[in-house]
């Protein structure tokens, strides 16, 4: 029997902000989406006063006056997420990152290795993440991913569980009788309505159905769902990272603009994010796209096949500047920009030239120094050019809690 855990960070974006600024703790805090459009994360205090997820900022500021609204900082969140994944991998190499704040772990057999019950291992993982990184997590453990997800959700909601719940094989039947299908991972509104049509409301109703009927109603996923709910793993933990076919970075400006230097700096900023990820994955790009989106949502793109595959922004930026000159029109107002790296190749397999270009060697060394600097001092601790609109820096809405 497998033992699969789901580690889920509690209110992750808000927890990251509270880690960096302890004055935010025990206060109603909301983190905002791109361009500060709506709420994408809430502290427990913000949830308690009734602020809904996805609520537009302009409405929230009118209805909820004493709340701190903060612009997102994905660079910070990714850095902390990576630290948590590294911590999890110190327990087992079988770690599958499901999202920026969730990861599955296959802990099967670890109780023999650690000579401790699984519950004690979960407590140790939770406590170490809190003590060493500063982020609170909830953990669910069960024989399958679907049941682990259910256990984790219950661990979050029931304070008496201290954010940890293990569903053992003998507990499954009783839990399925009490669990509505809409509370199961992967079942949305349409699937819920489909099952309701046939009188299926509880998870226990699903496991009673024969596989032929489930396959007819919901295809292969129906059979896999029954397996997962009965404790038979249909979705193993996959730790292997699939290399992407392309990497992109786009974002909206804080306000519409036709400032050429600002737009070009935003492209250089995106270029660094893309190239940093290329280096991390051991990849290089052979094709670069530049995208500019206008105020009225028209999109313009230009691409270039690079003279040779590269992962260095110090080389790629010169080609981005050329593409920018082709795209940019001073009479047009723009709302966002982006960089796309395509036709990716593994650096280890890239063709070597007889004589290395000194300029390329220097660019690669500079890029590596930049990576090392950010690894030591944090993402975006070093930047080239203006990069960000000053209005975006440390933008916090609502009351001034620094005073």
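Worth a mention:
- Once C-alpha pairs closer than 8 Å and six or more residues apart are averaged by separation and normalised to the residue number of the chain, the relative contact order reads 16 percent.
- Largest first, the three principal axis extents of the alpha carbons in the stretch 178-235 are 24, 23, 18 Å in whole numbers.
- Looking at the stretch 12-76 alone, DSSP beta bridges between its own residues are antiparallel in about 50 percent of cases.
- Overall, the ratio between the Cα radius of gyration of the stretch 12-76 and 2.2 N^0.38 Å, rounded to two decimals, is 0.99.
- In the chain, the longest principal axis of the Cα atoms and the axis of helix 260-281 are about 50 degrees apart.
- By average C-beta atoms within 10 angstrom, highest first, the peptides 268-280, 87-99, 140-152: 140-152, 268-280, 87-99
- Helix 313-327 axis, angle to the chain major axis (alpha carbon atoms, nearest 10°): 70 degrees
- Centre-to-centre, using Cα atoms only, the stretch 98-144 and the stretch 234-258 are separated by 26 Å.
- Peptides ranked, highest mean first, by Cβ atoms within 10 Å: ranges 187-197, 331-341: 331-341, 187-197
- Per residue convex hull volume, Cα atoms of the stretch 158-298, in Å³: 246 Å³
- The stretch 2-152 - percent relative contact order, Cα under 8 Å, separation 6 or more: 35 percent
- Among 161, 267, 122, residue whose mean-square fluctuation peaks in a GNM of the chain (springs only between Cα atoms under 10 Å): 161
- GNM top mover of 21, 127, 317 - the chain, alpha-carbon springs below 10 Å: 21
- For the chain, the longest principal axis of the alpha carbon atoms and the long axis of helix 74-89 meet at an angle near 50°.
Laboratory data are not the source of any read-out in this text; all were calculated from the coordinates shown. Keep in mind that this is a model prediction, so the values were computed, not measured. Every residue, glycine as well, gets a Cβ built from its backbone with ideal geometry; the counts of neighbours run over all protein chains shown.
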